[in-house]
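A short write-up of the structure that comes next.
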Amino acid sequence: MPLVMAAEQVARTITRIAHEVVERHRTLGDLALVGIRTTGAPIARRLSTELHGIGGVRVPTGALDITLYRDDLMRHQVGPQPILRRTDIDFSIDDRRILLVDDVLYTGRTIRAALDALIDFGRPRTIELIVLVDRGHRELPIKPDYVGRTVPTAVGESVQVRLREVDGRDEVVIHDGPDR
Amino acid sequence: MSERTTILRGGRVVDPASGRDGVADVLIRDGRVVRVGPGLEVESEAAVIDVPGGCVVCPGFVDMHAHLREPGAEHKETVATGAAAAVAGGFTAVACMPDTEPANDEAGVTGLILARAAEAGLARVYPIGAVTRGRAGRQLAAIGELRDAGCVAVSDAGRPVADAILMRRALEYAAMCGMPVIDHCEETALTVDGVAHEGGAAALLGLRGMPAAAEEIHAGRDVALSGLTGAPVHLAHVSARGTLRVVRSGKARGVPVTCEVTPHHLTLTDERLAEYDTNCKMNPPLRGAADVEALVDGLADGTIDCVATDHAPRHVDEKLAEFDRAAFGVVGLETAVSVCLDRLVHAGHVSLSRLVGLLSANPARILGVEGGALTEGAPADITVLAPDLPVTVDARGFRSLARNTPFDGWSLRGGVAATMVGGRTVYVNASVRGADAFGLASGRAAAGGADAAAGGDPRAGAPTRV
Amino acid sequence: MAPTAEPSRRAPDSPLGLDAPVRLRTKDLLSIGDLSPDEILLILDTAEAMKEVGTRSIKKVPALRGHTVVNLFFEPSTRTRTSFEIAEKRLSADTVNVAASGSSVSKGETLADTLRNLEAMSPDMIVLRHASAGAGHLAARLCGACIINAGDGMHEHPTQALVDAFTIRERKGGLAGLRVSIIGDLLHSRVFRSNLRLLRVLGAQVCACGPATLMLPDMERLGVRATTSVDDAVAGADVIMLLRVQLERMRGHFFPSRREYFQRFGMTMARLRRAAPDAVVMHPGPMNRGVEIASEVADGSRSVILEQVANGVAVRMAVLYLLAGSRRGAAPGGPALDGGSGWDRAGE
């Protein structure tokens with residue numbers, strides 16, 4: 001199982017993205033982070049910590065579950081049904097500049113669903129997309145604004161981001177076969 | 001009918017009435033049994049039927065409780081289809097209840113049923129008349145006239161005779177006419193809107209209950225009235241252990257009470273209701289395991305006199321409904337023998353000889369009709385059993401017009417090989433090796449075929465009523 | 001996307017194990033008995049997420065877009081029908097309400113024919129309320145649509161029991177070991193029968209109390225403590241669940257008068273003081289004030305009756321959503337996805 005990013009690289013990449021955010025946004029006051037569950041949520045929290053360290057501002061951070069916005073509830077004849085988890089966005093997103101955070105960008109369908117969901121919460125001024133890994137193979141016209149690392153992959157492979165908060169260690173691996 | 005001599009050779013003959021259980025030949029002439037014994041001499045002109053190996057020759061089975069639906073509901077069953085179902089199930093005679101439309105409460109209806117039975121020419125059909133006019137429970141029906149027209153008993157079929165004084169008079173009057181009163185025991189004040197046995201299963205399923213006590217109470221009254229009048233009373237489809245206690249104590253003090261039990265009450269419990277299968281809805285309802293156990297014990301110890309089917313054909317629309325709105329009743333003529341052989345005899349609860357008595361000699365005696373015995377001069381009504389035949393119940397193949405059985409799909413051990421009425425073969429089971437011998441003897445065997453085949457030959461001569 | 005690869009997908013507070021199902025195995029929800037303990041917890045967990053949807057300004061998600069749900073009600077209902085309808089609409093399903101009085105039932109059509117006619121129009125789900133126990137079983141045999149039992153005679157009302165369990169869990173953190181006393185017209189109550197099954201599966205100690213004439217037989221065998229003393233039932237109870245006296249289902253006399261019923265079995269402030277200090281009072285509604293419950297109790301601080309109603313929408317959303325997923329076919333843990341539509345590796 002080839003290692004794409006080791007723990008140290010994961011940490012450095014998140015720090016770098018935080019610096020890019022600060023560069024692009026003069027003020028952090030109207031920013032908000034929304035991580036897509038599951039793995040996007042802890043990345044968003046880490047970014048929030050980094051942004052506080054750099055800019056001294058607490059950026060409100062939420063977690064978004066996009067299960068109810070998926071387009072495949074009835075499409076798969078086999079396989080498990082995605083588990084629905086809570087969406088926690090305890091701030092108004094109206095007129096904020098939202099930083100949408102996910103771990104891996106692939107077909108773009110998750111982001112499409114997340115955009116639909118966010119719009120139901122209000123009317124943000126802008127939405128920017130942060131991903132830790134972009135593995136290509138887009139099926140929708142979606143482009144990230146911040147990319148940790150671009151990893152060329154085959155369709156048959158899958159990319160997995162593991163984080164301390166969830167899996168006990170930080171790493172990104174790539175393996176053969178469909179998502180497991 | 002030309003004089004004909006037939007000999008059934010080499011089978012095991014089980015005839016509880018004469019105490020016979022062993023290999024013997026049965027000599028039949030002119031529709032009657034001439035002699036039974038081992039190694040009988042065969043006259044040269046006699047047709048010889050070699051009884052297939054493993055088969056058992058029994059006196060013809062008598063179902064003393066069936067609903068044949070004619071007149072009035074011929075879409076559910078007719079006398080002819082009911083008689084075809086009877087012989088396919090090993091019954092050479094069937095007594096039919098008066099809950100027809102109109103009710104069999106006068107000679108015209110009785111005559112019609114008998115005429116239809118003669119046309120069918122299969123099983124003997126014994127009409128049961130109504131106790132009260134229109135089975136309404138208010139005035140006595142013309143019981144004497146019914147007797148003269150050919151009825152063998154009276155009953156209000158499906159309804160209890162609720163009024164105690166009316167029941168007393170009915171018992172006295174019917175006894176005078178030489179007939180028993182057959183009563184459906186149910187204290188209806190306790191069963192209003194009930195659709196299932198009152199117990200744990202119905203409680204969890206939210207079905208309104210019919211307590212076992214409702215049957216016991218009414219049976220207690222009937223036994224007391226029978227004791228009071230000395231007139232015979234027969235309790236239909238006993239389902240509760242309390243009822244058996246009542247019958248047992250009545251018999252012990254000499255009351256002329258008899259009773260029957262159905263194959264479904266002997267084998268199924270209210271646990272079967274879990275999926276709301278309306279083919280498990282009947283009155284009396286399927287009871288608890290303790291009741292079933294008591295009924296089986298009652299068979300063995302003689303408290304119960306006979307097994308009867310309570311064959312109650314229903315149209316599919318009557319059953320394809322909410323459980324509480326679906327009709328009561330299940331068919332039984334074509335499954336009774338297999339169910340009893342498998343679940344009672346092979347299971348070790350009763351001997352084969354005891355089962356044969358419950359199905360033949362005893363019901364014939366209670367109804368006062370000929371048959372039920374293989375003795376000299378008796379009508380040659382014969383049921384040949386294949387006790388080890390593997391049988392799979394398939395309702396689609398029933399000769400009955402109805403399919404409402406709780407046993408569909410059951411695999412059972414034991415079935416019917418052939419049925420003879422008045423010395424004439426009316427049913428042959430083609431899946432029994434060697435059973436075609438019966439067809440050859442009669443020259444006009446009922447169409448064989450596996451269990452699913454068509455009914456018997458309707459052109460065959462009518463059996464004589466006895 | 002398969003559960004094995006993502007232990008992280010469990011909410012940390014979820015009591016579910018890793019091998020827990022992530023979809024329901026049943027096509028229909030006719031009885032609590034159709035659900036395994038894990039499936040019950042899956043519904044309750046999913047309902048927590050659904051409850052959040054109800055707090056949004058736009059209380060609607062597209063999960064059941066294109067699904068047709070028929071609400072087929074043969075008995076009058078305000079709360080349950082409204083609750084289902086709101087739940088369906090929040091999930092973007094297309095809903096059709098059929099009330100018995102306005103249908104061909106009043107022209108003598110059988111239930112079987114009504115169901116077969118509805119089935120011919122290919123609904124995805126039928127929410128059925130009917131006066132006959134087992135009506136849902138008949139519907140499930142006749143229809144390919146998923147059948148949700150919204151109350152069948154005196155049999156069950158499974159979604160109400162799930163609402164009650166959800167409400168108790170929210171208030172008490174869990175059900176294991178809780179002392180739940182159910183008081184009232186046990187005999188005629190489908191809510192009681194569903195709760196009986198559900199509460200025992202989740203580990204609560206159930207005490208059932210009512211007049212002897214309204215008891216079920218064999219209750220001890222069902223693992224329930226039965227008593228006719230309301231004081232005995234209330235003493236130390238953590239949850240007091242009152243049942244409506246169903247006068248419309250009663251044939252004949254089960255107790256002398258409403259007045260006497262209230263005196264012996266009605267929940268009053270005085271009686272409530274015998275319960276645990278933090279006991280909650282529940283009622284599936286509609287209430288007969290002054291018969292099974294005093295107004296001071298119904299409207300008092302211990303009452304969670306309106307929370308039950310509020311939670312009803314979230315729990316029914318969870319049931320609708322999960323059953324829609326179960327219709328797809330295979331068993332949980334089967335081979336993973338078709339690679340075709342390819343979701344992002346966002347943990348889904």
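The values are calculated or read from the model by the stated rules, or taken from the named source; none is laboratory data. Keep in mind the model is a prediction, meaning the values are calculated, not measured. Neighbour counts are summed over all protein chains in view; Cβ atoms, including those assigned to glycine, are modelled from backbone coordinates with ideal geometry. Only protein heavy atoms, including side chains, enter the accessible area calculation; ligands, DNA and RNA are left aside. Shrake-Rupley method; radii C 1.70, N 1.55, O 1.52, S 1.80 Å.
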If the label point sits 7 Å along Cα→Cβ of residue B:271, residues of region B:278-292 with amide N under 11 Å come out as B:289-290
How much net charge surrounds residue B:271 when only other residues with a Cβ under 15 Å from its Cβ are counted (Lys, Arg +1; Asp, Glu -1)?
-3
Quick check: pseudo-label points 7 Å beyond the Cα along Cα→Cβ at residue A:164 and residue B:213, how many nm apart are they?
7.2
What is the sum of charges, Lys and Arg at +1 and Asp and Glu at -1, for the other residues whose Cβ falls under 11 Å from the Cβ of residue C:261?
0
What FRET efficiency comes out for the pair residue C:25/residue A:11, r = Cβ-Cβ distance, R0 = 41 Å, nearest 0.05?
0.45
What's the FRET efficiency of residue C:295 with residue C:99 using the Cβ-Cβ distance as r and R₀ = 35 Å, to the nearest 0.05?
0.70
Going by a ≥ b ≥ c, the root eigenvalues of the Cα gyration tensor, does region A:1-140 fall in the rounded group (a/c under 1.5), the prolate group (a/b larger than b/c) or the oblate group?
oblate
Considering only C-alpha atoms, what is the centroid distance from region B:1-51 to region B:168-195, in Å?
41
I'd like the carbon and sulfur percentage of the solvent accessible area for chain C, probe radius 1.4 Å, heavy atoms only, ligands and nucleic acids excluded.
52
Exposure rank, largest accessible area first [A:1, C:154, C:287; 1.4 Å]
A:1, C:287, C:154
From the Cα centre of region B:203-228 to that of region A:9-59, the distance in Å is 79
Once you have all Cα-Cα distances for region B:180-317, histogram them in 10 Å bins from zero and send the whole-percent values.
13, 44, 33, 10, 1
Before we go on, tell me the buried accessible area for the B/C pair, both chains summed, 1.4 Å probe, in Å² to the nearest 100.
1800
Loop-resident sites, region B:175-264, for trypsin sites (Lys or Arg not before Pro), counting at most 10 other Cβ within 10 Å (DSSP)
B:253
Degrees between helix B:289-301 axis and first principal axis of chain B (Cα, 0 to 90, nearest 10):
50
Residue order for A:96, C:193 - accessible surface, 1.4 angstrom probe, largest first:
A:96, C:193
Can you tell me the FRET efficiency between residue B:289 and residue B:101 if r is taken as the Cβ-Cβ distance and R0 is 51 Å, rounded to the nearest 0.05?
0.85
Quick check: pseudo-label points 7 Å beyond the Cα along Cα→Cβ at residue A:125 and residue C:52, how many nm apart are they?
2.6
Have a look at region B:203-223 and report residues whose accessible surface goes down by 40 Å² or more when the remaining protein chains are included, against the chain on its own, probe 1.4 Å, ligands and DNA/RNA excluded.
B:203, B:204, B:206, B:208
Accessible surface of residue A:69 in the full protein assembly, 1.4 angstrom probe, to the nearest 10 Å²?
10
Which entries of C:27/C:60; C:60/C:89; C:59/C:89 show an alpha-carbon separation above 18 angstrom in the structure shown?
C:27/C:60
At 4 °C and 1.567 mPa s, the Stokes-Einstein diffusion coefficient in µm²/s for region B:60-367, with hydrodynamic radius from the Kirkwood sum on alpha carbon pairs, is 68
Roughly speaking, what is the centre-to-centre gap between region B:349-415 and region A:119-146 when only Cα atoms are used, to the nearest Å?
78
Tell me the total accessible area that C and A bury against each other, 1.4 angstrom probe, in square angstrom rounded to 100.
4700
By its C-alpha gyration tensor, with a ≥ b ≥ c as the square roots of the eigenvalues, how is chain C shaped: rounded for a/c under 1.5, else prolate for a/b larger than b/c, else oblate?
oblate
Which value in deg cm²/dmol, rounded to the nearest 500, describes the helix-derived mean residue ellipticity at 222 nm for chain B, given -39,500 (n - 2.57) per DSSP H run of n ≥ 4 and division by the residue count?
-8000 deg cm²/dmol
Run down the lysines and flag those whose C-alpha is under 28 Å from the C-alpha of residue B:76, throwing out any fewer than 8 positions away in its chain.
B:281, B:319, C:107
Trypsin sites (Lys or Arg not before Pro) restricted to DSSP loop in region B:354-447 with at most 14 other C-beta within 10 Å:
B:433, B:444
By the Kirkwood definition, with r running over pairs of different Cα atoms, the protein assembly as shown has a hydrodynamic radius in Å of 32.8
State the percentage of accessible surface on chain B attributable to carbon and sulfur atoms; use a 1.4 Å probe and exclude ligands, DNA and RNA.
50
Using label points projected 7 Å from each Cα along Cα→Cβ, tell me how many nm separate residue C:176 and residue B:30, to one decimal.
8.6
Computed accessible area, residue A:169, all protein chains, 1.4 angstrom probe, square angstrom:
110
With a cap of 15 neighbouring Cβ atoms within 10 Å, and only residues DSSP puts in a loop, list the GluC sites (Glu not before Pro) found in region C:76-183.
C:109
Shielded residues, region B:309-334 - accessible-area loss of 40 Å² or more between chain alone and all protein chains, probe 1.4 Å
B:320, B:322
